[in-house]
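Take a look at the structure below.
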Amino acid sequence: MHLILGSDRSGYALRCALEQQLGEAGHSLTVLGPCNAEEPVPFYETAAQAARALQANEAERAILICGTGMGVAQVANKFKGVRAACVESVYAAKMARAINDSNVLCIGGWFVAPELGLAMAKTFLDTAFTEGLEPWRAEWLQGAKERIAALEGENFNPY
């Protein structure tokens, strides 16, 4: 799978760990953000660049890392078609895909260790929308996804 992997300097160390592990797992990566832990690349620039790349179908999914994960999630969600989820556990990463069909995983580099970050990333990448859910819930979520897309269209289109 082709992925965007981006961070600011607060997420740099975790991004480097994920870059190595995901590359070794066979994923192709577009890496965004600082070239070292001291380069001051703002989270909002990296998140916006990743969101635009997703909109242009340059990757299937993205993983973004800042200090808390919340900043990159907020910025990424400003872009139509981007469904970013800030998670702090493997279970939340799974549900972000299974329930919300999120295409961006956002992680806090200040409090997620590399081993946990990798487990969350693998789960996020390996889980399909509605995977493991009851048939009634999967059907309901498909309908909810369509209604949410309609809301997104209303809110992203000028009047």
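Just one of the listed residues (Thr68, Thr46, Thr30) is buried (at least 21 other Cβ atoms within 10 Å of the Cβ), among the hydroxyl-bearing types (Ser, Thr, Tyr) and at pLDDT 95 or above, namely Thr46. Just one of the numbered conditions (1) modelled with pLDDT of 95 or more; (2) in contact with a helix residue (DSSP H, G or I) (Cβ under 7 Å, 6 or more places away or on another chain) is not true of Leu125: (2).
Residue selection: Gly26 fails the criterion of being within 13 Å of the chain's Cα centre (by Cα) and at positive phi. Looking only at residues in segment 72-87 that are touching a residue at least 40 places away in the same chain (Cβ under 8 Å) and of a type outside the set (A, V, I, L, M, F, W, C), the one that is farthest from Met120 (Cα to Cα) is Lys80.
Does segment 7-22 contain at least one residue that is in contact with a helix residue (DSSP H, G or I) (Cβ under 7 Å, 6 or more places away or on another chain), in a loop (DSSP other than H, G, I, E, B) and at pLDDT below 95? No.
Here Val75 meets the list (1) surrounded by fewer than 22 Cβ atoms within 10 Å (Cβ to Cβ); (2) modelled with pLDDT of 95 or more almost entirely, failing just condition (1). Residues of segment 26-55 that are part of a loop (DSSP other than H, G, I, E, B) and either within 18 Å of Ala13 (Cα to Cα) or in contact (Cβ under 8 Å) with a residue 24 or more places away in the chain (or both): His27, Gly33, Pro34, Cys35, Asn36, Ala37, Glu38, Glu39, Pro40, Val41, Pro42.
Is segment 110-119 home to any residue that is buried (at least 18 other Cβ atoms within 10 Å of the Cβ) and either out of contact with any helix residue (DSSP H, G or I) (no Cβ under 7 Å at 6 or more places or on another chain) or among the hydroxyl-bearing types (Ser, Thr, Tyr) (or both)? Steps first, answer last, please.
Taking segment 110-119 first, the residues buried (at least 18 other Cβ atoms within 10 Å of the Cβ) are 112, 117-118.
Subset that is either out of contact with any helix residue (DSSP H, G or I) (no Cβ under 7 Å at 6 or more places or on another chain) or among the hydroxyl-bearing types (Ser, Thr, Tyr) (or both): none.
Checked segment 110-119: no residue is buried (at least 18 other Cβ atoms within 10 Å of the Cβ) and either out of contact with any helix residue (DSSP H, G or I) (no Cβ under 7 Å at 6 or more places or on another chain) or among the hydroxyl-bearing types (Ser, Thr, Tyr) (or both).
The values are calculated or read from the model by the stated rules, or taken from the named source; none is laboratory data. Just so we're clear, the structure is a prediction, and the values are computed from it rather than from any experiment. No Cβ is skipped: glycine too gets one built from the backbone with ideal geometry, and neighbour counts run over all protein chains shown.
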